[in-house]
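Engineer: This is the structure I want to talk about, given as C-alpha cells.
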Amino acid sequence: MPWIKDRYHALRMLVRRGQLEADVAEELEFHLAMRTDEYIAQGLSPEAAREKALERFGSVRTYQEQTRGIDAGMARQRRRTELWDVVARETRQALRSLSRTPAFTLMAVLTLALGLGATTALYSVVDAVMLRPLPYAEPEQLVLLDSPVPGFAANAPWDLSEAGFFLFTRQAQGFASLGALDARNGSLATETGALRVDVAWVSAGLMEVLRARPALGRLITPDLDAPSAPRSAVLGHDFWVRQYGADPRVLGTTIRLDDVPTEIIGVMAKGFQLPDAATVDVWAPLRLDPSRPPENSHWVRTLGRLKDGVTVAQAQAELATLTTRLPELFPDAYTESFMRETGFRTRVTPLARHVVGDADRVLWVLLGSVGLVLLIACANVANLFLVRSDARRREVAVRSALGAGRWDLAWHSLTESLLVCLLAGALGLLLAHGALRLLVALEPSGLPRLREVGLDGHGIVFAGGLAALVGIVLGLFPQLWTGSDLARLRESGRGLTSSRRSNLVRGGMVVAQVGLAVILLAAAGLMLRSYWTLHRVAPGLEARNALTFDIVLPRTRYTNYDEVNRFHREFLSRIEALPGVTSASLSTLLPLRNFEQCAAVAAEGMPVDLGQLPCIASPVVGPGYFKALGIPLIQGRELTWDDLDQHADGVLVTKTLAERLWPGQDALGKGIRGNGSEPPYYRVIGVTDDLRAHGLDKPPSEAVFFPLAPAEGLPLWGPRRSVSVVVRTGTSSPEPLIPEVRRILAELDTAVPLANAQAMERVVARSPSVARASLTLLLLGIAGGMALLLSVVGLYGVISYIVGQRRGELGIRMALGARAAQVAGLVVFQSLRFTALGIVLGLLGAVSLGEVLSALLFEVSATDPLVLTGVCGVLVILAVLASYGPARRAARVDPAEALRSE
Amino acid sequence: MRIDLLQGTLDMLILKALTGGSLHGYAVASWLQRTTDDALRVEEGSLYPALHRMTRRGWVTADWGVSENNRRAKFYTLTAEGRRQLQEESSSWERLTEAVAKVLHARPAAQGA
C-alpha cells in the first residue's frame, strides 16, 4: 500500500528533523567519551582526561554547527527528491487510471478546454484593451484635452481650437508638454502612381508628450514645426519596411507628400503608434501658426503629459480658469453668450480611459459570460467525476478498509483532476490563441487597441492559474459530501446504488447549469433583438448596390473651384459610362462614416446670436448625390451640373432640420446660410426624408447639403479636394467595379490616390453602433451556444445516469404493470423537473443582471418577455430531447433482468 | 614535527580508513593516528563535517550501531561510489607526489641555459 507507506515516511522525516541536532550531539559526545576513557586508562584524572580530549578535538561548537548544517541540507534534499518521487508516481498512476477510461478523459478535457479557452481568450482581450497600460513611457501622466459643449451636442465634445491650444501651451503650468495632432489621409507620389498614406500631422510637442524615439535619424523638433520651416517627415517603421525595404539611405531623400517636396529626416521606433492604434505611415510637422487670427474652429486634437505630481483634477481646474478667459482674450472668436449657451468648457480625461471609451462595459459583460460558460463546463465535468467516482466505489471502499484515509483518497482525485485540468488548460490555450487570431483578423470596429490583442505571458499565466484552481476545486469537490469510510463501505455492500446525497448534488448541479444557460441565452437573445431592431432602423439611404471610395486631389495642381470641379465632373461622367452603373456622385461627408464636420447655420429672418447657433452637419455634395446614395427627396429637386455652372444658390436640407427651422411651413425657397447671418442666403430647393447619418442608434440628422462651388457673394470653405465618391449599380454587386474605377482614375491623373473602397453596406455594418452590436452579439451568441450545448449534454448525462440507477425500481414498476410509455414519461418528467427549477432560478438571475446589460441594448428592455419566453421554450424542448434517449432505454428495461441484477 | 593536511586530502584518508570495513568516527581518528605515527596535525573534530559531507555525497553510508564497549555509535561504511572516489583521489595524489619528487630531485636549471 504505497499511500500508507508515504504517510509514515513523511511522519518519520518530520520526527527526524527534530532528531537531527540530538544525533550530531550524541555522535560527538561518543567520540569525546572514548578519548577521555583512553586518557584515563593512561593514568590521567577524569577532569584532565576530559580536558585533553576536548583540546584534541578542537572547537566542538564549530564542528557541531558544520555537521548539523550538512545534515540539514541532506534532509532537505532527500525530502525534495521524495516529494518529487511521490508526485511522479501519483502522476503516473493518475495517467494510467485516466487512460483506462478514455471516453471520460476525452469528454472532461474537451469540455474544460472549451471553458478555459473561451475565458482565457476574453481575459486576453480585456487585458490588452483595458488592464495593460498604454504603450508609452509613464502612461498614467497622459491625458486628452477636449471641450464638451453640452448646450449643443451632449455626447460629441469638440477638440480644441488653435487659439485654445496655444493659450494652454503657453500658460498652463500643470503640463510638462502639450501636443497637437491631426491624422488624415495623404497621397505619396511613387513610381507606380499615387499611394494613399495615413499621415499624422503632429506638433513637436506631441513627440515629447508620447516620448517618441526614432529608430533612425531624428524626430519632429520645434524648429521643423515652425510655419516657415522646410517640409520634413518621419516615416513610420512598418511603412519604412514595407515601402522602402528598411533601407537606411532614405534619410535625407525627398518624397512628394500631397504633391509637396518633403525631406525624410527619420524613421520612427518600431511599434510606436498613436494611442488609438491607428496606422501611421508618415509623421509630419503640423506647423500650426500662432500668429493666425483666433477662430472658433475646433479641430486640434490635443494630448498632454501632466507634470510629476499633478493630478488630472488639478490640471482640469487650471484649464477651467484659463477657459473662462477665452472671451476676454479672443472676443472675435468666443462671445460670452457662446460660452453660456453651449456650456463650453475644457475637459481633461486620462488618455487610457479615453482610448478604452465605452468598450469596457461590453468587455466586462463578455468576460462575465464566458466565466459563466466555464462554470457550466465545470459543473459538467464535476458530474463526470461523480459518475466515475461512483463507478469506483468498490475500489475506494476496499482502499478505505485497508486504511487509506480521506486525505489519501482526496490526494488521488486531486492528482487526477489537476491532470485533466492541465491538459484542458494546454488545449484551451491553443483554442484561445486561435480565437484571438481570428478576432484580430476579423477586425471588428468598435474594439480599441485591437492590434495589441494576442495570447501573451499574462494570458498563459491566467490560463494556468485558472486551470489549477478548477483542478483543485474539482478534485476536492467529491470529498465534500462523501460520508465516513464505514458509510461508504456499507453503501457499496448494498448493490452499489449511489447515495441520496450524491444524487442531490448531481441534481443541484444540473439545475445550476440550466439556470446559468438561461442567463446566457437571455443575454444573447436580448442582444439578438437589439441587433434586429437596429437593423430594422431605416438609415434613410439605400446601402445596397452602392460602392464608396475616397480620393484626394493634390493641392498643387488643383488650386481653384474650376480645376477641382472639372476633375470631379470628368471623373464621375466616365464612371457613369461604365456598364452597370446607374449613377455616380460625391460628397465631403459620408453618412454613417464621417458625418462630423459642421457649421453654424443661420436661417433668414430669424434673429439669432451667432454664438448660439448650433453646429449643423454641412456636407458639400455633387450633382446627383441623392440619387447615387438612394436618399429619397420628399420635396423639390436635387442639384445639377447646370446649377454649378451658373453658381446657383440652391441647397437641400433634411426633413428634421426643415421641421425645426420652419415648423408647419413650406421649406422650399427659404433662406439659409453658414458662417454668418447676413444676406445673401442660399435657397432651399429640396428636402430629403429622414436620414440617420450620425448612427442608426441616433435620432435622424439635421444637415444642410451645399453645392461644390459657392453661389455669388457667399463664402464657402475652399474647393473640395478630399471627397467620398458614391457609385450606384443597377442590380449587380458593386465591388467588381473597383479595378475599373482605378483604371479611370489613373487615366485622368496618376497622382490621385484612391482609398477605402468598400460597398456602402459595409460602411453601414462598420458604423460604431452596428459594429458594437454585432461584435457583442457574435461573442454572446458563441457563449450562449456553448452554454446551451454544455448544459444539454450535462442534462443528458445525469438523466442517463439516473435511469441506469433506477433500473431496479423501473423494473419493479413494469413488473407491476406499468406501461412502457408511463415509465418513459417518468424519466422525461424528472428531466423537466430539473429544467423547470433551473429556468426559474435562471430567470431570477437574468432579471437581476438585466441592469448590467441594459446599457448595451437598443430599444429592447432587459426583461423583454418575448426573449425570456423564447429562451425558456428552447430549454424545455431541449430538456425533452435530452431525456428522449434515456427514456427509451428506461422503457425497454426487461423487468426480469432488472430484478435479477438487484 | 607535524604536517598540516592539504584541503581534500582528509577525505581521501578517511575513505582509506573505511576500506577495512565499517568504523565509527573515533575509530577512524584512532586509525589515522596509529597509521601515521601521529605525524598529521588534524583536529579530531574536523573528521565529522568531512564524514557527514561524504554521506551526503553518497560516498559512505551512516548507521547507528553499538560500539565494542556497548555504547551507541554511528558507523560509517564505504559505498561503491566511495571506493571509486578513493581510487581516483589516490591515483591523482600519487601522480602529484611523483611529480613533486621529480622536481625536488632534479638538478637546478642554470642561468641562461
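Coordinate-derived values only; no laboratory data. The model shown is predicted, which means the values in this text are computed figures rather than measured ones. Reconstructed Cβ throughout: ideal geometry from the backbone, glycine too, with neighbour counts over all protein chains shown.
Engineer: Give the long-range amide H neighbours of A:Asn296: residues separated by 5 or more places, or on another chain, with amide H under 5 Å away, using H modelled in the peptide plane at 1.01 Å from N.
Structural biologist: So A:Asn296 has HN proximity to no qualifying residue.
Engineer: In whole percent, what relative contact order does the stretch A:86-209 give with Cα contacts below 8 Å and a gap of six or more residues? Don't skip to the end; give the middle numbers.
Structural biologist: Working: 81 pairs, mean separation 16.4, N = 124.
Answer for the stretch A:86-209 is 13 percent.
Engineer: Given springs between every Cα pair under 10 Å in a Gaussian network model of chain B, which of B:Leu96, B:Leu40, B:Leu15 has the largest fluctuation?
Structural biologist: Highest fluctuation among the options: B:Leu96.
Engineer: While we're here: To the nearest 0.05, how large is the calculated FRET efficiency for A:Tyr884 and A:Ile812 if R₀ is 25 Å and r is the Cβ-Cβ distance? Write out the running numbers ahead of the final one.
Structural biologist: On the way: r = 23 Å, r/R0 = 0.93.
According to the calculation, E is roughly 0.60.
Engineer: Using a 10 Å cut-off around each Cβ, can you sort A:Leu206, A:Leu881 from fewest to most neighbouring Cβ atoms? Don't skip to the end; give the middle numbers.
Structural biologist: On the way: A:Leu206 28, A:Leu881 14.
So the residues, fewest neighbours to most, are A:Leu881, A:Leu206.
Engineer: Moving on to the next point. Any idea what angle helix B:25-35 forms with the longest principal axis of chain B, computed on alpha-carbon atoms, 0 to 90 degrees, nearest 10?
Structural biologist: So the helix axis and the longest Cα principal axis differ by about 40 degrees.
Engineer: 7 Å from Cα along Cα→Cβ at both A:Thr321 and B:Ala80: what's the point-to-point distance in nm?
Structural biologist: So the label points at A:Thr321 and B:Ala80 sit 8.8 nm apart.
Engineer: Using Cβ contacts closer than 10 Å as the measure, can you line up A:Cys421, A:Cys378 from fewest to most? Kindly include the intermediate steps, with their values, before the conclusion.
Structural biologist: On the way: A:Cys421 29, A:Cys378 22.
By the 10 Å Cβ count, ascending, the order reads A:Cys378, A:Cys421.
Engineer: Could you tell me which helices of chain A pass both thresholds, a Cα extent of 30 Å or more along their own axis and a mean Kyte-Doolittle hydropathy of at least -0.5, with helices taken as whole DSSP H runs?
Structural biologist: Helices meeting the criterion: A:2-41, A:102-126, A:359-391, A:406-442, A:500-536, A:768-805, A:820-854, A:865-891.
Engineer: Between A:Tyr558, A:Gln665, A:Cys615, whose Cα lies farthest towards the positive end of the dipole of the stretch A:555-750 when Lys and Arg beta carbons carry +1 and Asp and Glu beta carbons carry -1, centred on the Cα centre?
Structural biologist: A:Tyr558
Engineer: What distance in nm separates the simple spin-label points at A:Met107 and A:Arg892, each placed 7 Å from Cα in the Cβ direction?
Structural biologist: 1.8
Engineer: While we're here: Relative contact order for the stretch A:151-342 using alpha-carbon pairs under 8 Å, separation at least 6, rounded to a whole percent? Please report the intermediate quantities before stating the final value.
Structural biologist: Working: 358 pairs, mean separation 62.0, N = 192.
Averaging sequence separation for qualifying contacts and normalising by length gives 32 percent for the stretch A:151-342.
Engineer: Which residue, A:Leu857, A:Ser161, B:Val103, has the largest displacement toward the positive end of the dipole of the protein assembly as shown when charges sit on each Cβ (Lys, Arg +1; Asp, Glu -1)?
Structural biologist: B:Val103
Engineer: Further, regarding this structure: So if each residue of separation counts as 0.36 nm, and I subtract the Cα-Cα distance between A:Ala441 and A:Arg89, what length gain in nm does that give?
Structural biologist: Details: separation 352, 0.36 × 352 = 126.72 nm, distance 4.44 nm.
Computed gain between A:Ala441 and A:Arg89 is 122.3 nm.
Engineer: Beyond 25 Å between alpha-carbons counts as too far, so tell me which of A:Lys627/A:Lys670; A:Lys670/A:Lys698; A:Lys627/A:Lys655 fall in that bin. Walk me through the numbers on the way to the answer.
Structural biologist: Working: A:Lys627/A:Lys670 23 Å; A:Lys670/A:Lys698 27 Å; A:Lys627/A:Lys655 17 Å.
From A:Lys627/A:Lys670; A:Lys670/A:Lys698; A:Lys627/A:Lys655, over 25 Å: A:Lys670/A:Lys698.
Engineer: From the phi angles alone, apply the Karplus equation (6.51, -1.76, 1.60; θ = phi - 60°) to the stretch A:685-696 and give each ³J(HN,Hα) in whole Hz, x where the residue is Gly or Pro.
Structural biologist: 10, x, 10, 8, 6, 3, 10, 8, 7, 8, x, 5
Engineer: So, one more: Using alpha carbons only, how many angstrom separate the centre of the stretch B:24-91 from the centre of the stretch A:304-345?
Structural biologist: After rounding, the separation between the Cα centres reads 88 Å.
Engineer: Report the Cys residues of chain A lacking a disulfide-compatible partner, meaning no second Cys Cβ under 4.7 Å from their Cβ.
Structural biologist: A:Cys378, A:Cys421, A:Cys872, each lacking another Cys Cβ under 4.7 Å.
Engineer: Per-residue counts of other Cβ atoms within 10 Å, averaged by peptide: what ranking do you get for A:361-367, B:30-36, A:308-314, highest first?
Structural biologist: Going from most to least packed, we get A:361-367, B:30-36, A:308-314.
Engineer: Could you give the radius of gyration (one decimal) and Dmax (whole number) of the Cα atoms in the stretch A:41-157, in Å?
Structural biologist: Radius of gyration, then largest Cα-Cα span, for the stretch A:41-157: 35.2, 115 Å.
Engineer: Enumerate the amide H contacts of B:His24 below 5 Å, restricted to partners 5 or more residues apart or on another chain; note that Pro and chain-start residues carry no placed amide H.
Structural biologist: Hits under the 5 Å cutoff: B:Tyr76.
Engineer: Treating only the Cβ atoms of Lys and Arg (+1) and Asp and Glu (-1) as charged, compute the dipole magnitude of chain A about its Cα centre; round to the nearest 20 debye. Please report the intermediate quantities before stating the final value.
Structural biologist: Details: 92 positive and 88 negative charges, 926 e Å.
My answer is approximately 4440 debye.
Engineer: Shifting gears a bit: Taking the dipole about the Cα centre of the stretch A:134-218, with the C-beta of Lys and Arg at +1 and of Asp and Glu at -1, give me whichever of A:Pro148, A:Gln173, A:Pro214 is farthest to the positive side.
Structural biologist: Value: A:Pro214.
Engineer: If only Cα atoms are counted, what is the Rg of chain A, and what is its Dmax, in Å?
Structural biologist: So, for chain A, Rg and Dmax equal 38.6, 140 Å respectively.
Engineer: Still on this structure, please answer the following. Please give the FRET efficiency for B:Thr9 paired with A:Val461, using the beta carbon to beta carbon distance and R0 = 51 Å, rounded to the nearest 0.05.
Structural biologist: Working: r = 51 Å, r/R0 = 1.01.
Approximately 0.50, to the nearest 0.05.
Engineer: Under the 0.36 nm per residue contour assumption, what length would be gained going from the current alpha-carbon distance of A:Arg900 and A:Trp299 to full extension? Provide the component values of the computation, followed by the final result.
Structural biologist: Details: separation 601, 0.36 × 601 = 216.36 nm, distance 8.73 nm.
Length gained between A:Arg900 and A:Trp299: 207.6 nm.
Engineer: On to the next question. When we measure straight from the Cα of B:Lys74, which aspartates and glutamates land under 15 angstrom away, once same-chain ones fewer than 8 places off are left out?
Structural biologist: By straight Cα distance, B:Lys74 reaches A:Glu21, A:Asp23, A:Glu26, A:Glu27, A:Glu29, A:Asp71, B:Asp63.
Engineer: If you don't mind, there's one more thing I want to ask. A:Asp23 versus A:Ala226, label points 7 Å from Cα toward the beta carbon: distance in nm?
Structural biologist: So the label points at A:Asp23 and A:Ala226 sit 8.4 nm apart.
Engineer: Lysines within cross-link reach of B:Lys102: Cα-Cα under 28 Å, excluding same-chain residues under 8 positions apart?
Structural biologist: By straight Cα distance, B:Lys102 reaches B:Lys16.
Engineer: May I pose another question? Which of B:Val100, B:Val42, B:Val28 moves the most in a Gaussian network model of chain B with Cα springs under 10 Å?
Structural biologist: Checking each option, the largest mean-square fluctuation is seen for B:Val100.
Engineer: A further question on this structure: Stretched out fully, how many nm does the piece from A:Thr349 to A:Lys698 gain, at 0.36 nm a residue minus the Cα gap? Display every interim value, and only then the final one.
Structural biologist: Details: separation 349, 0.36 × 349 = 125.64 nm, distance 2.43 nm.
That works out to 123.2 nm of additional length.
Engineer: 5 Å is the cut-off here: which amide hydrogens, built 1.01 Å from N in the peptide plane, fall below it relative to A:Asn185, excluding neighbours closer than 5 in sequence?
Structural biologist: A:Val199
Engineer: What FRET efficiency, computed as 1/(1 + (r/R0)^6) with R0 = 56 Å and r the Cβ-Cβ distance, is obtained for A:Gln173 and A:Glu740, rounded to the nearest 0.05? Mind dumping the intermediate values first?
Structural biologist: Details: r = 58 Å, r/R0 = 1.04.
That gives a FRET efficiency of 0.45.
Engineer: Work out the mean other chain Cβ neighbour count within 10 Å for the residues of A:43-56 and drop it here as an integer.
Structural biologist: Averaged over the peptide's residues, the number is 1.
Engineer: Oh, and also: I'd like the orientation of helix B:9-18 relative to chain B: the angle between its Cα long axis and the longest Cα principal axis, in ° from 0 to 90, rounded to 10.
Structural biologist: It works out to around 50 degrees.
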